[in-house]
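Below is one structure, written out as structure tokens; comments come after it.
The values are calculated or read from the model by the stated rules, or taken from the named source; none is laboratory data. The structure displayed is predicted, hence computed values, not measured ones. Quick reminder, even Gly has a Cβ in these numbers, built from the backbone with ideal geometry, and neighbours come from all protein chains shown.
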Ligand SMILES: Cc1cc2nc3c(=O)[nH]c(=O)nc-3n(C[C@H](O)[C@H](O)[C@H](O)COP(=O)(O)OP(=O)(O)OC[C@H]3O[C@@H](n4cnc5c(N)ncnc54)[C@H](O)[C@@H]3O)c2cc1C
């Protein structure tokens, strides 16, 4: 065994990014401890829509976006909500986000997003095969549906980027939609279908499954709320509610909660959260959908999970500390019913999650500015479930001092100046 492979590693945060990183490192024979304040999958990886889309090239901030923001904010069922008391806190993030809509930034962000999500499906397939979790992933694609020609025409800019960066998609007419999704309401005019996409039928079970596979390989899981990170001689330490842990390297994968801990290693990162809700409903399989379907006009998704239909919602800016406002997702129930008329719209469960988001849509992946013993791996926003295993591959290569499959400068922690 090489010296590198004898190293010990602390992975802080056990969402999809942390568990897949811990698992890949443990399989290389390193001594890995995975640390979470509540246990695996207690953050955002628990409740998402389960879509794994690769070769993404459409960043969140697009030219002309600012013109539609007021309309979005005024619409009670629109894609965006802002808690006005949070405006002073989020304002710098929003300004940076709008700055990212300049054409040269859009080109850069699209290219870099495309590059880092290029192998999302391949990395997922390798991971589920190694961990014997193939039964939780389906090859069914990712479908967006549009109620009017006008709403579809609104995707022209996004489609132009997808064409330019070779993100595959097909445009479907009403009959083709019906063939794919017989239970979907007939009022949808057309669809945009990404056939390659995969779907996790139970994201929570998947993350727990990877955590179990990690333990089987000999990995340790520790429950501790980490409050500080430090360098002590040759080691890096993490101190929290279960005392101080130390190792040769540390991976910070605490999702939306990474900003303060990253600050201990010299990084001022404009990380905030685009909050999103989910609601669960019962629905027999024969009346359900075959894949996650996005209502593109209202920006919500219906995903046919193995435990029922999951509706996931849009974006709310309200930070990490304000309580949930479930009225927001409840307002969408009539729209979900209109989309899928057989839906039993009695609420089974409701949940709030925190997407870890940076203004340029790109994650932070790579060594911290203060020490290469600490590696950052967070900020995957709307696509972290898909990109978790890719980030894990990159981080494994950094820990093993190998070259990762792509240059990491677009994702560096210091890119915001
Ligand atoms: C409604 C919704 C729908 C979504 N749908 C999709 C989708 O279809 N496809 C997709 O790709 N992505 C989707 N996403 C985004 C995706 O879920 C996230 O990007 C991803 O789960 C982030 O994973 P993570 O591992 O970085 O963070 P998390 O899953 O949040 O994990 C972070 C972990 O760190 C732990 N932690 C935090 N602070 C500390 C600390 N101080 N000490 C110890 N532990 C700590 C937390 O307990 C948590 O377990 C969706 C998100 C939402 C909200």
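Among the residues of region 122-137, those identified as closer than 20 Å to residue 168 by Cα and surrounded by fewer than 18 Cβ atoms within 10 Å (Cβ to Cβ) are 122, 125. Quick one: count up the residues across region 297-313 that are within 14 Å of the ligand (Cβ to nearest atom), at pLDDT 95 or above and either closer than 21 Å to residue 148 by Cα or not in a strand (DSSP E or B) (or both). Qualifying residue count, region 297-313: 3. Residues considered: 29, 47, 39, 18. Of these, the only one that is at pLDDT 95 or above and away from the ligand (no atom under 15 Å from the Cβ) is 29.
Listed by position, the strands (runs of 3 or more DSSP E) inside region 213-286 whose residues that are away from the ligand (no atom under 11 Å from the Cβ), in contact with a helix residue (DSSP H, G or I) (Cβ under 6 Å, 6 or more places away or on another chain) and in contact (Cβ under 8 Å) with a residue 40 or more places away in the chain number at least 1 are 249-252, 272-282. Take the residues in region 356-402 that are assigned to a helix (DSSP H, G or I), more than 15 Å from the ligand (Cβ to nearest atom) and touching a strand residue (DSSP E or B) at 6+ places or on another chain (Cβ under 9 Å), then tell me which one is farthest from residue 270 (Cα to Cα). That would be 399. Scanning region 318-349 for residues that are more than 25 Å from the chain's Cα centre (by Cα) and in a helix (DSSP H, G or I) returns 334, 337, 338. Applying the criterion of at least 2 residues that are under 21 Å from the mean Cα position of the chain (by Cα) and buried (at least 24 other Cβ atoms within 10 Å of the Cβ) to the strands (runs of 3 or more DSSP E) found wholly in region 1-102 leaves 8-12, 31-36.
For region 136-160, what are the residues that are assigned to a helix (DSSP H, G or I) and over 21 Å from the mean Cα position of the chain (by Cα)? Residues satisfying the conditions are 149, 150, 151, 152, 153, 156, 157, 159, 160. One residue alone among 63, 79 is more than 16 Å from the ligand (Cβ to nearest atom) and more than 30 Å from residue 399 (Cα to Cα), and that residue is 63.
When residue 351 is tested against (1) farther than 28 Å from residue 119 by Cβ; (2) in contact with a helix residue (DSSP H, G or I) (Cβ under 9 Å, 6 or more places away or on another chain); (3) free of Cβ contacts under 8 Å to residues at least 60 places away in the same chain, exactly one condition is not met: (3).
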